[in-house]
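Comments concern the structure below.
No lab work stands behind these numbers, since they all come straight from the coordinates. Predicted model only: the values in this text are computed from it and were never measured. Cβ: placed from backbone, ideal geometry, glycine included. Neighbour counts: every protein chain shown.
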Amino acid sequence: MLDAIIQGVLLGGYYAILAAGLSLMLGVTRFLNLAHGDLAVLAAYLVIYLVATWHLPIVWAIVLMLPVMGLLGWALQAFLFARTMKGGFLLPLLTTFGLGAVIQNGIYGVFSSDVKSLGNFIGNLAWASWKLPFHISVGKLPVYIFVAAVVVLVSLQLLLSFTKLGRAMRATTIDEEAAELSGIDARRIQRATVAIAMVLAVLAGAALAMRSLVNPYTGPTQLIFAFEAVVIGGIGSLWGTLAGGIVLGIAQSLGAKISPQLFQLFGHIVFLAVLWWRLKGAGSLGLANFLRSLKGGRA
Amino acid sequence: MSVSRFQYERWTPAGLRTVWTAAVVLAALAAAPIVLPATAVEKLTTLWIYVLLAVVWNLLAGFAGLVSVGQQAFFGLSAYLTLRLVEWGLNPWLALVGAAFIAGAIAIPISFYALKLKGGEFAIATWVIAEVVRICVMFDPLVQGDTGNSLIALNAYAPDLRREVTYWLGLAAMAGFLVLTFRVLRSKIGSAAQAVRDDEEAALSVGVSVMQTKRIIFVLAAFGTALAGSIWLASAITFLPRTNFGVQWTVFMLFMVLVGGLRTFEGPILGALIFFVLQETFSSYGVWYLFGLGFIAILFALALPDGLWGLIRRKRGGDLLPMGTLLKQQASGQDA
């Protein structure tokens, strides 16, 4: 039981990295990127390719992919998403969904349908663990990923709080038109945001490929998990993605403890329950608001 | 100024011609299995399923603005319920139709939940609901997890009869839904749905019952998708949870509607035809074919957001069927 909870918490770290990018993009560009999971999986495949074929150290492969995917994100926003955003929320949603199909089948076509993993390239890290009292063992890799998630979120927090870009991103999230009136080029900020989201997708994809197997059609499920983490944690809240990821991770690993099929089901049920609870008029934010309401204040 | 000087017209001569042409074409198609070879009958059945899927998804996403990524919930559920009803001893044909009605009815409680959500949240929530339905269905011993099951009860009928009844079922469902969708779109519900899509608060302020409008469209679309799922099961016989509940059905609907023409009545029919031809010609290319479908959908979203029908409409200066109300000044005007 305690074992499953610890696993769940650590799994939440991975979800937080994926969800933070999705949430950031949703806030600034106001459309949900249904290809976010697929882009993370694409990054995972590229990292695996660099490591397996070019024999690059994993760290260097990831570092190399960061600007590549960042640039791809910038280009996607500039040449694809921005053009469809004029016609309301419908077209961008459909476009990203189509993009997902392109990425999944493109990966399949180029890299075949074999499952891939970085697990073979990280030595004993794939299974090394610390022994804790009460016969609990904690995998080193999940802990490292969790620590990486916290580092990523702290960096994002610093970026949002103290840099000019971060201020512009927050302003665009709150009110795009008002931001433009204050001299912010919202379209540039949106391009930068998607680039940052893609940098996060590289880290998430690499984390995913290290801790499990990926195949070309892994993306949509990861997108669902990321969005569930965003909603459970509270849309628009950066640290909420970590809280949401942890809650989702715990629900899933508790479900998996009962039966493997319940891994996804328990997560989905928690997500639908949080949405329902929110619709009941408990405010516009999920867990973030709940915690705030516990403290006595309202969002 | 009095309104009486204007004449309301809901039908145009061109529109009536279209209806008569469609009626003749449908009658000919109904008789077609008598002369067509077996493979052609099977392929055309698939086409009716595509048209049905495209028309109801356009009703839902295009006209009502409810972009669902989870319509496969009803497509798969209806197939599963058919197997369940047959297992309980029902005649397979009755089970196919009955299952679609039950799946449509299940959409009502789902609508109370899902319709409170908007945009991306609605899209993902419907997707998650479809996944939950699939996982629950896979717990049924009849389905045996990933193994699935088959509608072997249909094998009791002669292959020719089975093929033809499935064809007629598909044709009837498609024709029925074309008429139904057309009538709904021309009714108050259709106008209300489009008003809600464009601005929910404004629609509410002029007295549109937002939730009821959305619910009618959502349940109707679920029922149509469920019917398509039943007919698909009747023609494919096998039920595989991951295929029948696959999100690729929504990818196909999206492709047909975007290419044919979002928010047009004629577009999805055209889109389904194009999809059918592409499927027949290129599906042997496997993943690169699917890659191409996604790519084409993106191109249309970028360059031709109202699809091919939007282009044709601009060229010929109107639709085949009148969707709105024409106001004409009366020729015998009493005074200037």
### Message
If you average the C-alpha positions of region B:53-104 and of region A:232-283 separately, how far apart do those two centres end up, in angstrom?
### Response
28 Å
#### Entry: Peptide B:131-137, shielding by other chains (average Cβ, 10 Å cutoff)
3
### Query
How high is the FRET efficiency from A:D185 to B:I152, r the C-beta distance, R0 56 Å, rounded to 0.05?
0.30
### Task
Filter the DSSP H helices in chain A by two things, a Kyte-Doolittle mean of at least -1.0 and an axial alpha-carbon span of 27 angstrom or more, and list the hits by number.
A:2-29, A:90-111, A:140-162, A:186-211, A:238-258
### Query
Near A:K140, which lysines are there with a Cα under 16 Å away, not counting those fewer than 8 places off in the same chain?
A:K131
### Summary
What the 10 Å binned alpha carbon P(r) of chain A shows, as percent of pairs per bin from 0, is 7, 27, 36, 23, 7, 1
### Summary
When A:E176, B:E201, B:E42 are arranged by how many other beta-carbons sit within 10 Å of their Cβ, fewest first, they go B:E201, B:E42, A:E176
#### Entry: Simple label model, 7 Å out from Cα along Cβ direction - A:A273 to B:V19, nm
5.3 nm
### Query
How far apart, in nm, are the 7 Å Cα→Cβ label points at A:V110 and B:Y285?
1.8 nm
### Query
Along the positive direction of the dipole of region A:2-219 (beta-carbon charges: Lys, Arg +1; Asp, Glu -1; about the Cα centre), which of A:Y45, A:A197, A:P57 reaches farthest?
A:P57
## Note on the structure
Helix-only [θ] at 222 nm, chain A, -39500 (n - 2.57) per DSSP H run of 4+, per residue, nearest 500, equals -24500 deg cm²/dmol
### Query
Taking the Cβ of B:K118 as the center, what net charge do the other residues with Cβ under 14 Å away carry, scoring Lys and Arg +1 and Asp and Glu -1?
0
### Task
Over 17 Å, how big is the tail of the calculated P(r) for region A:24-76, in percent of all Cα pairs?
42 percent
### Task
Compute from the Cα atoms of the protein assembly as shown the Rg and the Dmax, the latter being the longest Cα-Cα distance, and quote both in angstrom.
26.0, 98
### Task
Would you calculate, for chain B, the mean residue ellipticity at 222 nm contributed by helices, counting each DSSP H stretch of 4 or more residues as -39,500 (n - 2.57) and dividing by all residues, to the nearest 500?
-23000 deg cm²/dmol
### Query
Considering every residue in B:295-304, what mean count of other chain Cβ atoms within 10 Å of its Cβ is obtained?
5
### Query
Mean separation of Cα pairs under 8 Å and 6+ residues apart, divided by the residue count of chain B: what relative contact order is that in percent?
33 percent
### Query
Counting other Cβ atoms within 10 Å of each Cβ, which chymotrypsin sites (Phe, Trp or Tyr not before Pro) in region A:11-97 have at most 13 and sit in a DSSP loop?
A:W54
### Summary
Net charge (Lys, Arg +1; Asp, Glu -1) of residues whose beta-carbon lies under 10 Å from that of B:T264, B:T264 excluded, is -1
#### Entry: Proximal lysines to B:K118, defined as alpha-carbon separation beneath 23 angstrom and excluding residues fewer than eight positions away on the same chain
A:K86, A:K280, B:K188, B:K214
### Query
Among A:209-221, A:111-123, B:256-268, how do they line up from the highest to the lowest mean number of other beta-carbon atoms within 10 Å?
B:256-268, A:209-221, A:111-123
### Query
Across peptide B:281-294, how many C-beta atoms of other chains are within 10 Å of each residue C-beta, on average?
4
### Task
Using only Cα atoms, locate the centre of region A:130-168 and the centre of region A:67-118, then give the distance between them in Å, rounded to an integer.
27 Å
### By average C-beta atoms within 10 angstrom, highest first, the peptides B:272-278, B:206-212
B:272-278, B:206-212
#### Entry: Relative contact order of chain A, pairs being alpha-carbon contacts under 8 Å that are 6 or more residues apart, as %
35 percent
### Task
May I ask for the Kirkwood hydrodynamic radius of chain B, worked out over all distinct Cα pairs and given in angstroms to one decimal?
21.0 Å
## Note on the structure
Helix B:248-260 sits off the longest principal axis of the Cα atoms of chain B, rounded to the nearest 10 on a 0 to 90 degree scale, by 30 degrees
### Task
Taking the Cβ of each residue in B:Y167, B:Y285 as the centre, tally the other Cβ atoms inside 10 Å and list the residues starting with the fewest.
B:Y285, B:Y167
